[in-house]
Amino acid sequence: MSFKHKKKFGQNFLTDQREVLRKIMEVSDVKAEDTVLEIGPGEGALTALLLDTAKRVVTVEIDRDLEKILRKKFDSNPKYTLVMNDVLETNLKDYVGEGTKVVANIPYYITSPIINKLIENRDVIDEIYIMVQKEVAERICAKKGKERSVLTLAVEYFGEAEYLFTIPKEFFTPIPKVDSAFMSIKLYKNERYSKIVDEDCFFKYVKAAFANKRKNLLNNFTALGKSKDELREILAQANIAETERAENLSIDDFLNLIAIFEKK
Ligand code: SAM
């Protein structure tokens with residue numbers, strides 16, 4: 001009997017899509033010495049290829065109905081560990097150590113919580129290669145313009161994101177509503193930005209700047225409790241027009257602006 005896909009777990013499997021799987025393996029560049037963490041192995045299409053190359057593969061799967069299938073396929077392989085749990089409830093450091101690479105076709109209904117969790121574990125996770133909804137990948141990887149959001153900056157603060165390739169929705173079973181994309185986030189090991197501005201401070205300003213996407217920076221920043229005249233002076237000092245919108249600021253523009261705010 002074939003597996004019955006569950007919508008509530010975001011189950012859209014890559015079945016027999018050798019070309020896509022080959023491309024995933026190529027861009028994620030899994031090496032013989034790598035420990036790989038895969039979130040949501042499904043029926044194990046990607047897992048099998050990861051096991052061919054990596055030193056260890058740890059998969060975290062929530063759906064008990066997939067346990068038997070996965071155990072039957074991979075349990076005899078000493079490189080393989082299956083964790084049956086909600087990834088968001090899992091202490092990743094119980095299973096993987098420093099230098100871990102994440103390669104996964106993640107469940108889309110929890111894309112942001114998963115990315116946040118992986119970033120929080122950046123002391124053990126070096127690189128993230130994930131499949132997400134195309135539109136989400138475009139938002140995270142946008143360098144300028146309307147697609148930028150708090151999520152874009154949240155990723156940029158901790159690492160370098162790259163849009164790798166698009167996967168049409170027809171490649172999945174069942175066929176989802178939207179296309180997907182494969183993207184990477186290489187996490188900074190040198191606290192590139194966090195050593196300049198601490199996390200709370202950075203996000204206070206970024207969230208304020210994006211609070212209302214239709215408003216310009218001057219109007220959004222009034223929520224920080226400064227007068228418009230003070231704000232005009234700060235923006236002028238940062239060489240940013242008061243009519244500018246948050247989406248057109250790079251992370252470096254933000255850091256510069258925050259430094260001026262904090263001096264006041
Ligand atoms: N990797 C497989 C593939 O490409 O064919 C399946 C990907 S499917 C988009 C997402 C997988 O994540 C499913 O196997 C689903 O059961 C699992 N999943 C959903 N929510 C989860 C959670 N909170 N923790 C761990 N796995 C989860």
Handout entry: Residue pairs meeting the criteria (Cβ under 7 Å; at least 6 apart or on separate chains; first over 17 Å from I24 (Cβ atoms), in segment 114-143; second of a type in the set (G, A, S) and in a loop (DSSP other than H, G, I, E, B))
Key = V124/G97; D126/G99; R139/S149
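Within the bounds of segment 103-110, is there any residue that is hydroxyl-bearing (S, T, Y) and in contact with a Cys (Cβ under 7 Å, 6 or more places away or on another chain)?
Step one: of segment 103-110, the residues hydroxyl-bearing (S, T, Y) are 108-109.
Subsequent filtering for residues that are in contact with a Cys (Cβ under 7 Å, 6 or more places away or on another chain) retains none.
No: segment 103-110 contains no residue that is hydroxyl-bearing (S, T, Y) and in contact with a Cys (Cβ under 7 Å, 6 or more places away or on another chain).
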Practice task
All but one of (1) within 22 Å of K143 (Cα to Cα); (2) within 25 Å of the chain's Cα centre (by Cα) hold for D200, so report the exception by its number.
Solution key: (1)
Practice task
With respect to V57, determine if the residue is part of a strand (DSSP E or B) and either touching a residue at least 24 places away in the same chain (Cβ under 8 Å) or within 23 Å of the chain's Cα centre (by Cα) (or both).
Solution key: yes
Practice task
Might you check whether a residue that is more than 25 Å from L164 (Cα to Cα) and more than 9 Å from the ligand (Cβ to nearest atom) occurs anywhere in segment 30-38?
Solution key: no
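With respect to F171, determine if the residue is within 26 Å of the chain's Cα centre (by Cα), at pLDDT below 95 and among the aromatic types (F, W, Y).
Yes, satisfied.
Can you tell me which of K189, K177 is in contact with a helix residue (DSSP H, G or I) (Cβ under 9 Å, 6 or more places away or on another chain) and at negative phi? So that I can check it myself, show each step before the final result.
Numbers: K189 fails: in contact with a helix residue (DSSP H, G or I) (Cβ under 9 Å, 6 or more places away or on another chain).
Of the residues listed, the single one that is in contact with a helix residue (DSSP H, G or I) (Cβ under 9 Å, 6 or more places away or on another chain) and at negative phi is K177.
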Exercise for the section: Please determine, by comparing only the residues of segment 60-81 that are free of Cβ contacts under 8 Å to residues at least 24 places away in the same chain and farther than 19 Å from K101 by Cα, which one is farthest from the ligand (Cβ to nearest atom). Expected result: S76
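Going by the structure shown, is N239 more than 24 Å from Y108 (Cα to Cα), within 21 Å of the chain's Cα centre (by Cα) and exposed (fewer than 15 other Cβ atoms within 10 Å of the Cβ)? Steps first, please.
Details: more than 24 Å from Y108 (Cα to Cα): yes; within 21 Å of the chain's Cα centre (by Cα): no; exposed (fewer than 15 other Cβ atoms within 10 Å of the Cβ): yes.
In short, no.
Yes or no, residue by residue, for (1) within 19 Å of the chain's Cα centre (by Cα); (2) over 14 Å from I128 (Cβ atoms); (3) in contact (Cβ under 8 Å) with a residue 40 or more places away in the chain:
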{"residue": "Q17", "(1), (2), (3)": "no, yes, yes"}
{"residue": "V27", "(1), (2), (3)": "yes, no, yes"}
{"residue": "V30", "(1), (2), (3)": "yes, no, yes"}
{"residue": "E33", "(1), (2), (3)": "no, yes, no"}
{"residue": "I39", "(1), (2), (3)": "yes, no, yes"}
{"residue": "A45", "(1), (2), (3)": "no, yes, no"}
{"residue": "L51", "(1), (2), (3)": "no, yes, no"}
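The values are calculated or read from the model by the stated rules, or taken from the named source; none is laboratory data. Bear in mind that the values here come from a model prediction, so they are computed numbers and not experimental data. Here Cβ is always computed from backbone atoms with ideal geometry, including for glycine, and neighbour counts include all displayed protein chains.
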